[in-house]
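What follows is a set of notes on a single structure, which appears directly below.
The values are calculated or read from the model by the stated rules, or taken from the named source; none is laboratory data. In this text the structure is predicted, and so the values were computed from the model without any measurement. Cβ: placed from backbone, ideal geometry, glycine included. Neighbour counts: every protein chain shown. Keep in mind that these areas ignore ligands, DNA and RNA; they rest on the heavy atoms of the full protein, side chains included. Shrake-Rupley method; radii C 1.70, N 1.55, O 1.52, S 1.80 Å.
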Amino acid sequence: AIEDGSRVARLRAVTAPTLVIHGQDDPLVLPAGGEDTARSIAGAELFMVPGMGHNIPDSLAPEIARRLLEFIAGH
């Protein structure tokens, strides 16, 4: 990801409804990265998942799925 450089221009080109899902405890891509991604996509919503790191643990999958389905239903 670092070698790819800035993705801001590509993110600004996204026009689809977007839900950015990011772990509050992500040690690989810090929460600020998720916040920046959401800010870079017009109208994007950010779902910062408490207790989640870089991967989705089985225990949080139902909550993430629920939130994703709500987002899809709203669009």
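When you look at residue 32, is it more than 21 Å from residue 72 (Cα to Cα) and either outside any loop (DSSP other than H, G, I, E, B) or among the hydroxyl-bearing types (Ser, Thr, Tyr) (or both), yes or no? So residue 32 fits the description; yes.
Look at residue 4 and say whether it is part of a loop (DSSP other than H, G, I, E, B) and surrounded by fewer than 10 Cβ atoms within 10 Å (Cβ to Cβ). Answer is yes for this residue. Condition check for residue 26 on (1) modelled with pLDDT of 95 or more; (2) open to solvent by 50 Å² or more (accessible area, probe 1.4 Å); (3) among the acidic types (Asp, Glu): one failure, at (2). Among residues of segment 24-37 that are at negative phi, none has a Cβ under 9 angstrom from a residue that is part of a helix (DSSP H, G or I) and open to solvent by 80 Å² or more (accessible area, probe 1.4 Å) at a sequence gap of 6+ or on a separate chain. Give the residues of segment 20-75 that are of a type in the set (Gly, Ala, Ser), out of contact with any helix residue (DSSP H, G or I) (no Cβ under 8 Å at 6 or more places or on another chain) and over 20 Å from residue 9 (Cβ atoms), sorted by residue number. Scanning segment 20-75 gives 53, 59, 61, 65, 73, 74.
Going through (1) at pLDDT below 95; (2) on the phi < 0 side of the Ramachandran plot one by one, residue 51 falls short only on (2).
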